[in-house]
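For reference, the structure is listed below as structure tokens.
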Amino acid sequence: MPGVAPDPPVIGLFDSGVGGLSLWRELRRALPAMPLIYAADTAAFPYGARSAAEVAARARALAQLLVAQGATLLVAACNSIGTAALAEVRAATGVPVVGTVPAIRSAAAATASGQIAALVTPLTAGGLGYAALLAAVPPHVQVWTRPCAGLAEQVEAGVLASPRTRALVVRALAEPVAAGVDAVVLGCTHYVFLAPLVQAVAGPNVRLFDGNAGVVRQVERLVSTSTPSTVQLANRCFTTGPAAPFAAVARRLLGREAAALGPIVQHPIEADR
Ligand code: DGL
């Protein structure tokens, strides 16, 4: 469990790309005065197609970049890190690290039909962290795990409603929806940006779940006793790949709020294995 963030709190969020911006947006709305530093590992995107060891090494280096830039509390804004590499990230940094995992528990508690679906990356679907989530599901609930190869890539390109994006969502949901699923977990932070499309494909009687609100609550708890900085620290954003395309997609996903990311700078990282 993460401890208490040292004062003054500066939150560093990290993901493979733009997906964590869905969590950045919720955190910023909840804690508007809190300095936020975002790091996107676009040079290694997508994490969902990599091994747990590769993602752990990249995520550790990203976390260390954020700490070097002044972050005192880290948020792994990525379910693939949360299910496959969180312990390694925690071991590599001296600050509290909050992670996110697919909101299976909330969906399982809410379902009336006993059928839920989870849209996740291939890495998440195959990992031990995800198996542990499934093991905790009550026996009367059936979980349809749908590894969505290629779907995070659509979001990373800023293509939220193309025929291909829709086809990927339809392919993932057709069978579980026909079986009576009434809860769908958006188990990757990129997929949160696809909520309108997923809702349209799944139908109005299906409720969507993601882990972002739970992470925001956890961060709020961790910073609730902290002393705000007397110096106004500016938000900043790093990407391990080229800055211009990242900025363009961030603007498409966040609209005017993208300006609050602050300067977006390319910053390569060295992963140690
Ligand atoms: N946004 C990430 C997640 O929540 C990873 C997407 C990817 O890089 O494949 O799992």
Next on the checklist: At a 10 Å Cβ-Cβ cut-off, how would you order THR225, THR165, THR83, fewest neighbours first?
Outcome noted: THR225, THR165, THR83
Next on the checklist: For the pair ALA91/GLN69, report the inter-label distance in nm, with labels modelled 7 Å from Cα in the Cβ direction.
Outcome noted: 2.6 nm
Next on the checklist: As an exercise, use a Förster radius of 41 Å and the Cβ-Cβ distance of GLN266 and ALA135 to find the FRET efficiency, rounded to the nearest 0.05.
Outcome noted: 0.50
Checklist entry - What shape does the chain have by the C-alpha gyration tensor, where a ≥ b ≥ c are the square roots of the eigenvalues, rounded means a/c under 1.5, and otherwise prolate means a/b greater than b/c and oblate the rest? => result prolate
Checklist outcome for this item: Distance in nm between ALA200 and THR225 label points, each 7 Å along Cα→Cβ, equals 4.8 nm
Checklist outcome for this item: One finds, for ALA33 and ALA110 with R0 = 30 angstrom and r their Cβ-Cβ distance, a FRET efficiency to the nearest 0.05 of 0.35
Checklist entry - Between LEU128 and ALA247, what length in nm is gained on full extension when 0.36 nm per residue of separation is reduced by their alpha carbon distance? => result 39.5 nm
Checklist entry - What spacing in nm lies between the two simple spin-label points modelled at ALA259 and SER162, each 7 Å away from Cα in the Cβ direction? => result 2.9 nm
Checklist outcome for this item: Residue ranges of DSSP H helices in the chain that stretch 18 Å or more (Cα, own long axis) and have mean Kyte-Doolittle hydropathy of at least 0.5 are 52-68
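Read-outs throughout are calculated quantities, based only on the coordinates presented, and are distinct from any laboratory measurement. What you are looking at is a predicted structure, and each value in this text was computed from that prediction instead of being measured. With ideal geometry, Cβ positions are generated from the backbone for all residues, glycine too; neighbour counts draw on all protein chains shown.
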